[in-house]
Amino acid sequence: MRARPVAASLAVLGYIIMIVPILFVVVTAFSAGRTLRFPPQGFSLTWFEAAVTYDPFMESLVSSLYLAAGATVLALLLGVPATIAIHRGKIPGKGLIEGLFLSPLIVPELVVGLALYQQLMIGLGLDNLSTLLLGHTALLLPYAVRVTGASLALADPAVEEAARGLGAGPVRAFLTVTLPLLRPGLFSAALLGFVTSFNNVPLSLLLQDREFRTLPVTMLDYVQQSYNPRIAAMATLILAATVVVAVIAERTVGFARIFGGINQ
Amino acid sequence: MSPAAEFIGVTQRFGDFTAVDAIDLEIPEGKLTTLLGPSGCGKTTSLRMLAGYSRPTSGTIRIHGVDSTTLPPEKRGLGMVFQSYALFPHLTVAENVGYGLKLRKLPRAAVQQKVEETLELVGLAHLHKSKPKKLSGGQQQRVALARAIAIRPRLLLLDEPLSNLDARLRVQMRTELRRIQAETGLTVVLVTHDQDEALEMSDLMVLMRGGKIMQTGTPREVFSRPANRFVADFLGYENFLTDQTHTFSTVRPEHLILGAASDGSAALRLDATVVSTAYRGVDLLVTLDAVDGAGETVRLLADVRAGDGAGLTPGTRTTVSAAAAHLVPIAA
Amino acid sequence: MSRKTALLLLPGFAFLAAGFLVPAVAMLIAPPGEEPTAVLSRFGEMITDPYELRIIGRTVTLGLIVTALCVGLGFPIAYLLARSQGRWGGILLALAIFPLLLSNVVRTFGWLVLLGANGAIGKLLTATGLTDDPPQMLYTPLAVVLGLTQLFLPLAIISCYSAVAQVDPGLDDAARGLGAGRTRAFWSVVVPLSGPGIVVAATLVFAGSVTAYTTPYLLGGSSQRMLATQLFSYASVSVDWAAASATALIMTILVFGVSGLSALAGRRGATA
């Protein structure tokens with residue numbers, strides 16, 4: 001890097017912008033003071049306790065986890081068969097159908113959120129949990145289709161044929177050969193889907209309800225009202241959990257492979 | 001003996017493209033039949049229809065006398081070795097070979113014994129715990145073969161099984177496959193584009209082109225008496241001539257004799273001019289122009305011993321001849 | 001299409017239609033209690049209204065600045081990552097990708113601590129004696145630009161990385177063997193060959209920036225209204241459905257427009 005001073009300086013600046021703000025969140029979370037200020041006053045774990053005993057955070061955390069899990073499972077259950085149809089079936093307009101399943105990626109999430117709020121919740125009177133589940137599932141379908149599709153495209157179709165030739169029916173061949181081959185793709189899709197749903201703000205923003213709120217939106221509202229390190233502590237806890245998820249991802253299928261799937 | 005399998009007027013169309021065009025073929029029991037031809041001739045499509053992976057547009061496929069045209073592959077009980085080998089990457093060698101046996105609800109011990117026997121047969125007993133990815137191409141090929149024959153298939157189908165191996169291994173595997181076929185007594189159908197492979201291995205050779213069967217016969221029959229120009233071309237006949245009686249014939253380059261033949265037995269005798277020569281160590285390839293019996297100028301290729309052609313340079317006038325036995329009349 | 005294939009596609013398609021396609025179309029033609037033409041006429045008013053135009057202008061301008069910054073910083077990072085080997089390369093790559101998994105709220109929140117009235121940068125400026133009264137940094141365009149750059153830089157790095165990684169390092173050497181300096185080789189070989197990756201990066205960053213909500217909300221506040229915060233305000237504060245839908249339409253047009261341009265650029269690049 002010594003030989004490329006310009007590129008190296010730009011890179012350092014880039015990493016500072018990406019990483020430093022996150023470090024400041026962590027530092028602030030261990031403050032003993034009452035407000036968000038720098039440098040933090042003293043060291044304590046008070047605000048972590050304040051975060052995990054704060055009902056709105058914990059309730060919305062549980063809601064967000066349920067929503068993310070539900071939407072991920074639904075998106076895989078719906079997306080995997082569609083992927084198989086797209087890659088293995090003889091269908092006209094294959095590209096068009098795949099494009100349709102990927103389309104939630106290109107419409108701004110806030111716009112989709114508005115559409116669901118306006119049309120389903122206000123227009124049809126659907127409850128917010130169902131609307132959120134429907135919206136998040138549609139949002140995750142592209143991940144399910146694209147990431148598992150990348151796995152499926154890599155798998156030799158003759159492998160399924162070989163299983164059939166050895167006496168396995170179509171369902172059996174799918175369960176004993178295709179599904180195990182898709183496992184890394186399914187895992188990547190599930191992980192990406194879960195994280196995407198859990199972290200989502202724009203789609204969920206308008207679909208909140210007193211009974212069922214998501215954590216990121218609850219945190220946004222909290223900043224508006226109170227300016228203290230409780231929010232930094234909650235953010236640090238999310239950061240820690242994300243690090244765990246990242247390590248699991250790296251150890252199992254590898255980062256590069258996971259993000260290779262979405263970024264085509 | 002009734003044939004192991006029959007194609008009766010079988011056609012396969014993909015859109016406007018006719019991959020296989022109304023073929024009739026009998027696959028003899030206990031023999032090794034090769035489907036030979038250039039890519040796109042319909043040989044692989046025919047094999048896939050026989051295996052049940054694609055359904056003919058029209059016609060009937062019988063296996064051991066039973067109409068199996070619409071039977072799914074899993075009900076046919078055939079063994080297939082794919083060009084890509086198609087080994088299950090998530091299973092070990094033993095699990096790959098045992099896959100079909102397990103589906104047949106054999107007791108575990110019987111499966112294990114069968115797997116060991118089969119791996120023994122292909123010489124891979126020591127690798128049963130490995131994953132396919134760790135094996136060399138030749139070893140993967142043997143696993144694919146073992147997996148296909150472990151189920152005691154009624155027919156063993158091989159789709160270009162040797163094309164992904166290096167040249168030395170390929171020649172070695174030809175003998176190996178022949179040995180396994182002889183030991184098991186299996187009926188084998190082998191698809192290949194390699195004429196040497198077909199000549200060396202087949203009991204019956206089926207030459208295909210453009211979805212049609214050009215010629216069927218033993219390697220000796222086909223090689224020495226090609227039915228038409230395409231077959232002759234494909235098998236390395238280079239010289240095509242028409243005589244005064246308008247008979248079209250062909251001669252292999254190594255059967256063309258340069259200079260005056262010593263006796264009068266030659267069935268062909270033409271004046272020719274050397275166009276170019278290519279020295280190849282043992283032999284010499286000589287390209288010549290000559291006028292055939294029909295008065296047409298033809299380009300000829302002679303493959304002579306390097307010593308015999310020492311004095312030939314472009315422009316040298318000479319005579320070419322061939323013995324009657326080597327002049328093969330063919331359909332134009 | 002065989003019946004089996006249709007059965008595999010149908011459930012997914014039903015969800016896609018109910019959870020996305022139908023509401024999105026309905027939003028444009030039938031907001032609750034509005035005439036079918038309300039959205040379009042509102043859209044027409046908006047793109048001639050000075051106040052709305054300022055918001056659109058700010059959104060696009062900030063989007064372009066963020067795009068330039070993300071590509072300008074992301075490409076060198078991708079280049080260095082693609083050319084570096086060993087442990088450090090792997091760690092730096094992981095560090096660049098990791099933020100993609102992390103909540104935007106958490107990532108953006110750091111800037112509040114840095115840029116706020118009692119924040120670290122203000123303290124630093126006072127402590128070093130540069131100024132006694134640090135300038136307002138939060139709720140300025142600068143804050144929004146920094147926040148959005150942080151948010152979208154990883155995306156830019158990944159897009160550029162996959163392109164740069166495919167450029168044979170031998171080409172650098174070849175160019176240098178022909179007499180090009182290191183810088184010249186970079187600009188005349190690496191950059192053009194990574195062109196498609198750069199276009200993808202720019203498109204993703206721009207589309208993300210002009211539709212992001214969390215960052216303009218937290219760091220821009222009401223003084224730096226952007227399309228996303230404006231849309232939220234129409235939908236949940238003033239409950240003006242036609243205006244909300246029209247704003248959504250503007251955002252969508254922006255995103256589709258830039259995606260279309262990039263696809264066009266990609267096609268020209270492919271035929272050139």
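Values quoted throughout were computed directly from the atomic coordinates according to the rules given, and no laboratory measurement underlies them. Predicted model, so just to flag it, every value in this text is computed and none were measured. We place every Cβ from the backbone using ideal geometry, glycine too, and count neighbours over all the protein chains shown.
State, to one decimal in nm, how far the label point of A:L124 lies from the label point of A:R172, with both points 7 Å from Cα in the Cβ direction.
It is 4.2 nm.
DSSP beta bridges in chain B, what fraction antiparallel, as a percent rounded to 5?
Bridges in chain B that DSSP calls antiparallel: roughly 75 percent.
When averaged across all projection directions, what area in nm² does the alpha-carbon convex hull of region C:116-188 cover?
Numbers: hull surface 32.1 nm².
It is 8.0 nm².
Let me know the number of lysine pairs in region B:5-225 closer than 27 Å at the Cα, not counting same-chain pairs under 8 apart.
21
Sorting B:I151, C:I77, C:I121 on the 10 Å Cβ count, fewest up front, what's the list?
Going from least to most buried by this count: C:I121, B:I151, C:I77.
Taking R0 as 51 Å, what's the FRET efficiency between C:V25 and A:L23 from their Cβ-Cβ distance, rounded to 0.05?
That pair, C:V25 with A:L23, gives E of 0.70.
Which trypsin sites (Lys or Arg not before Pro) does region B:220-286 hold that lie in a coil by DSSP with at most 10 other beta carbons within 10 Å?
Passing both the DSSP loop test and the Cβ count: B:R280.
For labels at C:L64 and A:V244 in the simple 7 Å Cα→Cβ model, what's the distance in nm?
Each label point lies 7 Å from its Cα, and together they span 4.6 nm.
Just check region A:1-128 against the gyration tensor rule for me: Cα atoms, a ≥ b ≥ c as the square roots of the eigenvalues, rounded for a/c under 1.5, and otherwise prolate or oblate depending on whether a/b exceeds b/c.
oblate
Within a 10 angstrom radius of each residue's Cβ in A:74-86, how many Cβ atoms of other chains show up on average? Whole number is fine.
Partner-chain Cβ atoms within 10 Å, mean over residues of A:74-86: 5.
Need one value for B:132-144: mean number of C-beta atoms belonging to other chains within 10 Å of its residues' C-beta atoms.
Average per residue, whole number: 0.
Would you mind ranking A:Y15, C:Y161, C:Y213 so that the residue whose beta carbon has the fewest other beta carbons within 10 Å leads the list? Before the final figure, lay out each step's value.
Working: A:Y15 17, C:Y161 26, C:Y213 23.
Listing A:Y15, C:Y161, C:Y213 from fewest to most nearby Cβ atoms yields A:Y15, C:Y213, C:Y161.
With runs of 4+ DSSP H residues as the only contributors, calculate the mean residue ellipticity of the protein assembly as shown at 222 nm using -39,500 (n - 2.57) per run, divided by the residue total and rounded to the nearest 500.
Dividing the helical sum by the residues of the protein assembly as shown leaves -17000 deg cm²/dmol.
Going toward the positive end of the dipole of chain C, with +1 on Lys and Arg Cβ and -1 on Asp and Glu Cβ, which of C:Q136, C:A201, C:V60 do you reach last?
About the Cα centre, the residue reaching furthest to the positive side is C:A201.
Mind checking the angle between helix B:108-121 and chain B's longest principal axis? C-alpha axes, 0 to 90 degrees, to the nearest 10.
The angle comes out at about 20 degrees.
Rank by packing, highest mean first: peptides B:173-180, C:95-102, with packing defined as the count of other Cβ atoms within 10 Å averaged across residues.
C:95-102, B:173-180
Using a ≥ b ≥ c from the Cα gyration tensor of region B:56-144 (square roots of the eigenvalues), is it rounded, prolate or oblate, where a/c under 1.5 gives rounded and otherwise the larger of a/b and b/c decides, a/b for prolate? Intermediate results must be reported in sequence, preceding the final value.
On the way: a/c = 2.58, a/b = 1.69, b/c = 1.52.
Prolate.
How much net charge surrounds B:L121 when only other residues with a Cβ under 13 Å from its Cβ are counted (Lys, Arg +1; Asp, Glu -1)? Display every interim value, and only then the final one.
Numbers: positive: B:K114, B:R142, B:R147, B:R152, B:R179; negative: B:E116, B:E117, B:E120, B:E176, B:E183.
For residues surrounding B:L121, the net value is 0.
Could you tell me the largest-minus-smallest coordinate of the C-alpha atoms of region B:5-225 on each of the three principal axes, in descending order and whole angstroms?
Computed over the Cα atoms, the extents are 46, 38, 30 Å.
Of all DSSP beta bridges located in the protein assembly as shown, what percent are antiparallel, nearest 5?
Counting only bridges with both partners in the protein assembly as shown, antiparallel ones make up about 75 percent.
I need the trypsin sites (Lys or Arg not before Pro) found in region A:1-106, filtered to DSSP loop residues with at most 11 other beta carbons within 10 Å of theirs.
Passing sites in region A:1-106 are A:R2, A:K90.
Using the charge dipole of region A:1-130 (Lys, Arg: +1 at Cβ; Asp, Glu: -1 at Cβ; taken about the Cα centre), state which of A:S103, A:G70, A:H87 has its Cα farthest towards the positive end.
A:H87
Can you tell me the length gained on complete extension of the stretch B:D16 to B:A167, counting 0.36 nm per residue apart and subtracting the Cα distance?
Length difference between fully extended and current span is 50.7 nm.
Placing unit charges on C-beta atoms (Lys and Arg positive, Asp and Glu negative, everything else neutral), compute the dipole magnitude of the protein assembly as shown about its Cα centre in debye, rounded to 20.
Charge dipole, the protein assembly as shown, about its Cα centre: 1480 debye, nearest 20.
By per-residue mean of other Cβ atoms within 10 Å, what is the highest-first order of C:143-156, B:14-27? All intermediate terms of the calculation are to be shown ahead of the outcome.
Values: C:143-156: 25.7, B:14-27: 15.9.
Top of the packing list down: C:143-156, B:14-27.
List the residues of region A:109-144 whose backbone N lies under 18 Å from a point placed 7 Å from the Cα of A:L102 along the Cα-to-Cβ direction.
Residues passing the 18 Å test: A:109, A:138-144.
By its C-alpha gyration tensor, with a ≥ b ≥ c as the square roots of the eigenvalues, how is the protein assembly as shown shaped: rounded for a/c under 1.5, else prolate for a/b larger than b/c, else oblate?
prolate
By Kyte-Doolittle mean hydropathy of at least 1.0 and Cα axial length of at least 24 Å, which whole DSSP H helices of chain A are selected? Show your work: numbers first, answer last.
Numbers: long enough: A:5-29 (36 Å, 2.40); A:55-88 (48 Å, 1.17); A:128-154 (39 Å, 1.16); A:179-199 (29 Å, 1.18); A:230-252 (33 Å, 1.64).
The qualifying helices are A:5-29, A:55-88, A:128-154, A:179-199, A:230-252.
For A:K90, list the lysines whose Cα falls under 22 Å from its own Cα; do not include residues on the same chain fewer than 8 positions away.
Straight-distance partners of A:K90: C:K4.
If you take each beta carbon of peptide A:179-190 and count the beta carbons of other chains within 10 angstrom, what is the mean? Numbers along the way, then the final one.
Numbers: counts 1, 4, 3, 0, 1, 0, 0, 0, 0, 0, 0, 0.
Counting Cβ atoms of other protein chains within 10 Å of each residue's Cβ and averaging gives 1.
Treating the beta-carbon of each Lys and Arg as +1 and of each Asp and Glu as -1, no other charges, what is the dipole magnitude of chain A about its Cα centre, to the nearest 20 debye?
On the way: 16 positive and 13 negative charges, 149 e Å.
With only Lys, Arg, Asp and Glu charged at Cβ, the dipole is about 720 debye.
Helices from chain C with mean Kyte-Doolittle at least 1.6 and a Cα length along the axis of 30 Å or more, per DSSP H: which?
Span-like helices in chain C: C:141-164.
Using the Cα centre as the reference, give the magnitude of the dipole from point charges on the C-beta atoms of region B:5-225 (Lys, Arg: +1; Asp, Glu: -1; all else neutral), rounded to the nearest 20 debye.
760 debye
Using the 10 angstrom Cβ neighbour count as an exposure proxy, how do B:E183, C:E45 rank, fewest first?
B:E183, C:E45
Identify, among A:V159, C:I91, C:A14, the residue whose Cα sits farthest towards the positive end of the charge dipole of the protein assembly as shown, taking +1 on the Cβ of Lys and Arg and -1 on the Cβ of Asp and Glu, with the dipole about the Cα centre.
C:I91
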